[in-house]
Amino acid sequence: MRALPPERRSGLRWVWSLGGLKWRELAARVYREANQDDVLGHAAQLSYYFLFALFPLLIVLSTLLGYFFASEGDLYSRLMAYLQRVMPGPAFEVMRGAIRDLTSGASGTKLSLGLLVAIWSASAGLNALIKGLNLAYDVRELRPWYRRRWVALNMTLALAVLVTSALIMLVWGDNIGSWLAARWSLGEWFRLGWSLAQWALVIGFVLLALNLLYVFGPNLREHRFVAFLPGSIVALALWLLASVGFKAYLEHFGSYAKTYGSLGAIIALLIWLYLTALAILIGGEVNSEVRKAAASAGAPEAQTPIEGPD
């Protein structure tokens, strides 16, 4: 295997060493920059766009479920079980109810129309995310609006493929492993290894999706995937912690139904989407601060201008 050139090895070192920062120093810098960039306000804006895109996406998902899961009740139940583990209870009930209502009238027309609306709505959300990531990286948006929208549309399609791949591994992973074991006469050791590889692939798909956001979303000069991994890992960890924590809060302490009545479930869903947007933006702040620290320490690859050309 050919060795990496010295400058590439240097680039890898500053990424994995967090630019020479300790975790406490990095957290302090991210907290300060997040306040200056109004990350909380931009996360609120993004949560609205995410909510706007969610139900068109549900039309597509429900139509596909109607086509492919009509005779696979067990697979449908497993998909719902996975979603229930992550999503807060009221938010999950809203989604499950919408899917149940929409799947009763699945049709090709609904799929086509829902797909177009979902892609456009999601790209609008990603366009807003691009603005938030530009603030996180301290760069100006020099691209014309049509180029930004083109980037957002391509990112939407790429994210859809990656999220679908992750769901396929969650729902059909055991079936795929059983087929491979039977096809190649593999033993129990393969089944154990596959169960671990299955979750590694799911996490890999999610990290790759986050990396796509950080690499191609903001107006950056360089597109090096490895340079954005720290923020992707932090964003995924924060999203999991926030989702599990919010879910536990609603189960033990929350009383949204008593306070807001029938709107309680929608409010819970909106808060969950807000936490999702917040995790993504904080991940961008992490990447930005790691690069700044590396540039201050003299890392060669961090010295190049970060802002992309007009």
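Computed from label points 7 Å out along Cα-Cβ, the spacing between A81 and D174 is 0.6 nm. Amide H contacts of L220: G308, each under 5 Å away and 5 or more positions distant or on a separate chain (H built 1.01 Å from N in the peptide plane; Pro and chain starts excluded). The local environment of L240, defined by Cβ-Cβ distances under 15 Å, has a net charge of +2 under the rule Lys, Arg +1 and Asp, Glu -1. Give me the net charge of E285's neighbourhood, meaning all other residues with Cβ under 13 Å from the Cβ of E285; Lys, Arg count +1, Asp, Glu -1. Here the count lands on -1.
Only the coordinates and a few stated rules stand behind these numbers; no lab work does. No experiment lies behind these values; they were computed from the predicted model shown. Virtual Cβ from ideal backbone geometry, glycine too; neighbours counted across all protein chains shown.
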